[in-house]
Amino acid sequence: NAGVTQTPKFRILKIGQSMTLQCTQDMNHNYMYWYRQDPGMGLKLIYYSVGAGITDKGEVPNGYNVSRSTTEDFPLRLELAAPSQTSVYFCASSYSGVKQDSFNQPQHFGDGTRLSIL
Amino acid sequence: GQQLNQSPQSMFIQEGEDVSMNCTSSSIFNTWLWYKQDPGEGPVLLIALYKAGELTSNGRLTAQFGITRKDSFLNISASIPSDVGIYFCAGLYNFNKFYFGSGTKLNVKP
């Protein structure tokens, strides 16, 4: 079972470069999320999406953009990489519940993308 | 954002000992989740709690949703070396966003 797949696993960027972190899920989940995890810290929500064509900001959205053209894919874009964006990025997805509006369903995580900006 | 205070930050225990960790907040949360993260991997769900006062077990793990809805704890009984990892709590705030604690790093000596 693939679950949530993130690519690449590792990447080093120079300041000012741009890149897209890919995330795809095969569980037909409506909800998808991007988090960042800094060393010794918990996860902080960057952006989330409740379905194709719908995205919204999380706790720390500055410097990032997302799009959701399909149910399966939720890419995260860094336009002008900065050292403060060095982190581990996790994508997650969840079922929207029987009533199709429940955020309380557990999130399934990918294995992360380790990004260093030098 | 909401603050979840998770403690302890780290623990060093002997194999076979019981472990307890908790998360507290000044805000009310609607759902509590407990995750385990192994090095180089994403968090994996251990237990989900949906009602105040709920006590749920998963093998040697037991977690409770605090009656005030502002806290939750996780207990691991008879620890084994494969319990090593970082444990995170996550609370659902306002029914639409999860906030994560900073993690408890567990080390188990064989």
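The values are calculated or read from the model by the stated rules, or taken from the named source; none is laboratory data. Computed from a predicted model, the values in this text were never measured in an experiment. Note: ideal-geometry Cβ built from the backbone for every residue, glycine included; neighbour counts use all protein chains shown.
Right, B:Ser77: within 30 Å of A:Lys57 (Cβ to Cβ) and either touching a strand residue (DSSP E or B) at 6+ places or on another chain (Cβ under 9 Å) or within 13 Å of chain A (Cβ to nearest Cβ) (or both) or not?
In short, no.
When the residues of region B:9-34 are filtered to those that are of a type outside the set (A, V, I, L, M, F, W, C) and part of a strand (DSSP E or B), which remaining residue is surrounded by the most Cβ atoms within 10 Å (Cβ to Cβ)?
B:Thr31
Every residue, every condition in (1) farther than 29 Å from B:Gly85 by Cα; (2) free of Cβ contacts under 8 Å to residues at least 40 places away in the same chain, yes or no:
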{"position": "A:Met19", "(1), (2)": "yes, no"}
{"position": "A:Met32", "(1), (2)": "no, no"}
{"position": "A:Gly40", "(1), (2)": "no, yes"}
{"position": "A:Gly53", "(1), (2)": "yes, yes"}
{"position": "A:Thr71", "(1), (2)": "yes, no"}
{"position": "A:Pro75", "(1), (2)": "no, no"}
{"position": "A:Gly110", "(1), (2)": "no, no"}
{"position": "A:Ser116", "(1), (2)": "no, no"}
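Tell me, which residue of region A:31-47 that is more than 10 Å from chain B (Cβ to nearest Cβ) and in contact with a Cys (Cβ under 8 Å, 6 or more places away or on another chain) is nearest to B:Gln6 (Cα to Cα)?
Filtering first and then ranking leaves A:Trp34.
Given the structure, is B:Gln6 more than 14 Å from chain A (Cβ to nearest Cβ) and either part of a strand (DSSP E or B) or at pLDDT 95 or above (or both)?
For B:Gln6, the condition - more than 14 Å from chain A (Cβ to nearest Cβ) and either part of a strand (DSSP E or B) or at pLDDT 95 or above (or both) - is not met.
Which one of these does B:Trp34 not meet: (1) touching a residue at least 40 places away in the same chain (Cβ under 8 Å); (2) farther than 18 Å from A:Phe109 by Cα?
Of the numbered conditions (1) touching a residue at least 40 places away in the same chain (Cβ under 8 Å); (2) farther than 18 Å from A:Phe109 by Cα, the odd one out for B:Trp34 is (2).
Considering every residue within region A:56-72, establish whether at least one is crowded, with 18+ Cβ neighbours inside 10 Å, in a strand (DSSP E or B) and not hydrophobic (A, V, I, L, M, F, W, C).
Yes - at least one qualifying residue is present in region A:56-72.
Just to be sure I understand, how many residues within region B:84-106 are away from chain A (no Cβ under 14 Å) and either farther than 24 Å from A:Arg36 by Cα or buried (at least 22 other Cβ atoms within 10 Å of the Cβ) (or both)? Steps first, answer last, please.
Of the residues in region B:84-106, the ones away from chain A (no Cβ under 14 Å) are B:84, B:106.
If we keep only those that are either farther than 24 Å from A:Arg36 by Cα or buried (at least 22 other Cβ atoms within 10 Å of the Cβ) (or both) as well, we get none.
Selection size over region B:84-106: 0.
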